[in-house]
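The values are calculated or read from the model by the stated rules, or taken from the named source; none is laboratory data. What you see is a predicted model, and the numbers here were worked out from it, not measured in a lab. Quick reminder, even Gly has a Cβ in these numbers, built from the backbone with ideal geometry, and neighbours come from all protein chains shown. Only protein heavy atoms, including side chains, enter the accessible area calculation; ligands, DNA and RNA are left aside. Shrake-Rupley method; radii C 1.70, N 1.55, O 1.52, S 1.80 Å.
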Amino acid sequence: MACNTGTESGRTMDPAVQDLCKKAAAEGIDTAWDRYEKQKPQCGFGELGLCCRNCLQGPCRINPFGEPKTGICGADADLIVARNLLRSVTGGSASHTDHAYSAVQLLRLMTEGKTPYSLKGAGKIPGVAAKLGINTAGKKDEEVAHEIALTALADFGNYSEAPMKWLTATAPAERVELWGKLGILPRNPDREIRQAMHGTAMGVDGSPMNLLLASLKSGLIDGYAGLHLGTDVQDIIFGIPTPVKTEANMGVLDKNTVNIIVHGHMPEVSEKVVEWAEKLSSEAKAAGAEGITVAGICCSGNEVLMRHGVPLAGNFLSQELAIITGAVDAMVVDVQCFMPAITKVAACYHTKIITTQAIAQLPDAEHIPIEPENADAGAQKILRLAIETYKKRNPSKIHIPPHKSEAWGGFSVEAIVGALAKVDPVQPLKPLVDSIVNGTIKGAVGVVGCNNVKITQDVFHVELIKELLAQDVLVVATGCSAQALAKYGFLSPQGAKTYAGKGLLAVLTAVGEAAGLGGPLPPVLHMGSCVDNSRIGDLVGALAAYLKVPIKDLPVVASAPELQHEKAVSIGVWAVALGLMTHISLPPPVLGSPLVSQVLTEGIEGITGGKFYVEGDSHKAAAGILAHIMQKRKGLGL
Ligand code: BF8
Ligand code: SF4
């Protein structure tokens, strides 16, 4: 499964990206795969997690086969690996928490009438208010939404020892009790992130086990101060997604329109670009274009795909290649997952890279701030710059591979329950649970996460999910995984007929037809961006509550087949804390510590019921996941 970076087909299975890799080579442009080649061999100490740079006496490294066995201060392999892991998980939690914090501030300012955004997700308010204990009687939506924002901000200002409210209001009671007993309930998320940095500093926490517990706590920060807070608040501001049809892959770019890519994670940016693209379409026409196409990459793309059906140009490893089409006039980025390389690639074309956030700037990019108060002005400026840039295109450099597939998104928990309610209005989850109980569906897998240059792009997502669907496993997806699957038809009703086993197809057809889709649901339900992994958490929580069992007993598995980002690691830790077996193809850098490796893949199961399952072969991973599902079914007497 390793990436043979020498050939296009070794780099990616995506025909559009293969095509553009050839164009890049012909034009002498390096991409991530070329830079990966130049990095080889990657540092063995780093891969094993055995390098410490936490003080200036270092760097120290441990020799797994001999001396030295400790760093200068005496830290051994277990301690160094556990400290590095906690810093990495905390990096992921901090990213999601800071993202969610921006959304909360936007909600506060919006409900104070200080922004050009308006409340689109009133339907989300009653549920969120109820779980937080906010009285809604006689209050306007904006007033309740404002109280919700202040309640979230109170978590960030919490100086007591009480756990953060968003967690206790959201997580299953059985989990809150367990995490309380383990002493890992986070209080103020900012305080916990600070404490993780402090605990891992030179001369502080010397206990690998204590550091591993702190990693679990950091995973909970991600789950509740990052993912859940982010999704809840974004749904209130921008609306709860409902099923929507779109298309995916480079063929969505149009040589006759101004093409703008939204890339990153913040819907407050991508929503405004989409809004103003519609409003300024006449200006694009005046410039000689047929209109404006907005297309997505990474989770900014997922956010507007879920709520508006905005098409998708590609996932993480497609980002440079989209520019190499020569047809992208502007790539608008906000935070996370855009490679610093994009400005260098863009310099070979007419493309403008536009940064929008103070903490995420690039030399050689245009910086046009999109902040809550000035978002309309910023978005107009971006659109007009893209239209101006369109005029500078070099037609001889344009090549848009024609590949694209039909894809459906918008499967929020509310939308899934809504579709099931068409089958059983009284107990919507009953048809799904009955199908699991009678074995028509064996279980469910949430497939999430990234591309990673070490794995041929998309191949693990596709091969793993193909096998699981054929075995009647229900699949939900988020992030770049959903985007990978979108490109090959897994998010279309037709995909159900191609990929789903007989039992699964029958259920998808019954629900799809009852819901008025005129055919089966797609075999993979796209639940959103990576913060929307909260939706997967809510869905499994609802299934567990319906069956009156803890999540850890469900025939449900998580998988991040091509993970790269620290955020994927912290989401994985949260999933393990929830009680899920979580498959990953590449281990994080922990193999240098037998203790840490053992705890993450075995020992932790006795504590939370979840564990990491590392398997780098998609066929074996499918078998391992299926075996786990069957074991859980047996445990439930099914
Ligand atoms: O947050 S899946 S490469 S884009 S980290 Fe990044 Fe990974 Fe894509 Fe969304 Ni998630
Ligand atoms: Fe070396 Fe210890 Fe400093 Fe790490 S903290 S660099 S192991 S002396």
* Asked: Listed residues ILE465, ILE536; which is at pLDDT 95 or above, more than 21 Å from ALA421 (Cα to Cα), assigned by TED's automatic domain parsing to the domain that holds GLY572 and touching a strand residue (DSSP E or B) at 6+ places or on another chain (Cβ under 8 Å)?
  -> ILE465
* In the stretch 501-531, which residue that is surrounded by 24 or more Cβ atoms within 10 Å (Cβ to Cβ) and under 16 Å from LYS245 (Cα atoms) is farthest from the chain's Cα centre (by Cα)? -> LEU521
* **Condition met for GLY127 (open to solvent by 40 Å² or more (accessible area, probe 1.4 Å) and in a helix (DSSP H, G or I))** => yes
* Across the stretch 146-162, what is the total count of residues that are outside any helix (DSSP H, G or I) and open to solvent by 60 Å² or more (accessible area, probe 1.4 Å)? -> 2
* To do: Take GLY46 and decide whether it is away from ligand 2 (no atom under 16 Å from the Cβ) and at pLDDT 95 or above.
  => no
* Asked: Filtering the stretch 490-500 down to residues that are open to solvent by 10 Å² or more (accessible area, probe 1.4 Å) and touching a helix residue (DSSP H, G or I) at 6+ places or on another chain (Cβ under 6 Å), which residue is nearest to ligand 2 (Cβ to nearest atom)?
  -> TYR499
* Asked: Restricting attention to the stretch 163-171, does a residue exist that is open to solvent by 30 Å² or more (accessible area, probe 1.4 Å) and among the small types (Gly, Ala, Ser)?
  -> no
* Hey, can you tell me all the residues within the stretch 132-145 that are part of a helix (DSSP H, G or I) and loosely packed, with under 15 Cβ neighbours inside 10 Å? => GLU143
* Asked: Would it be correct to say that ILE324 is closer than 23 Å to GLY127 by Cβ, away from ligand 1 (no atom under 14 Å from the Cβ), among the β-branched types (Val, Ile, Thr) and out of contact with any strand residue (DSSP E or B) (no Cβ under 9 Å at 6 or more places or on another chain)?
  -> no
* Asked: Would you call ALA327 open to solvent by 10 Å² or more (accessible area, probe 1.4 Å), of a type in the set (Gly, Ala, Ser) and more than 16 Å from ligand 2 (Cβ to nearest atom)?
  -> no
* Structure fact -> Those residues of the stretch 70-114 that are in contact with a strand residue (DSSP E or B) (Cβ under 9 Å, 6 or more places away or on another chain) and either open to solvent by less than 30 Å² (accessible area, probe 1.4 Å) or part of a helix (DSSP H, G or I) (or both) come to a total of 8
